[in-house]
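To start, the structure under review is shown below, and the notes come after it.
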Amino acid sequence: MAARPPRAAGGGRRGPDEVYESLERAAESKWDAPWRTGVVETIRDRSVIATPISEYLPERVVDGRVALVGDAAHAQTPMTGAGFEEAVIDAAALARELGGADDLGAALQRYELLRIGDMRDRMAAGASFSRGFAGV
């Protein structure tokens, strides 16, 4: 077996050997030839680069005079391609609620009530999509 480089293609850091070994075993059992050969060799060469994907939805998006929008409020999987759209919707909703508001606290609470349900729905849909894509 060839020596394994300390860095993956593209300059990413090499993960722990156990991760690569697990990936190699999974590839050998799940991929059919001729694809298996390419996938396994890519893993052995350490040219597989991974970026962890996190999904996050807080219990609230308003605290005092602070309101969160976009990924700060609800980091969703990039698999849906909806992050920017949701950020714009959040910002527009916040602007509507703040526009001409006499009571800042009440306006922020309205923003939270208006958006939190949609945020949770989108997060649940994205998580389901990610699990389906990953086959879990």
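Mind listing P(r) for the range 13-136? All alpha-carbon pairs, 5 Å bins, whole percents.
2, 10, 16, 14, 12, 10, 9, 8, 7, 6, 4, 2, 1, 0
I need the GluC sites (Glu not before Pro) found in the range 32-118, filtered to DSSP loop residues with at most 12 other beta carbons within 10 Å of theirs. Before the final figure, lay out the partial values.
Values: sites: Glu41, Glu55, Glu59, Glu85, Glu86, Glu97, Glu112; in loops: Glu55, Glu59.
Here the sparse-neighbourhood loop sites are Glu59.
FYI, it's all coordinate maths here, none of it is from the lab. Note that this is a predicted model, so its numbers are computed, not measured. Glycine also receives a Cβ, built like all others from the backbone with ideal geometry; neighbour counts cover every protein chain displayed.
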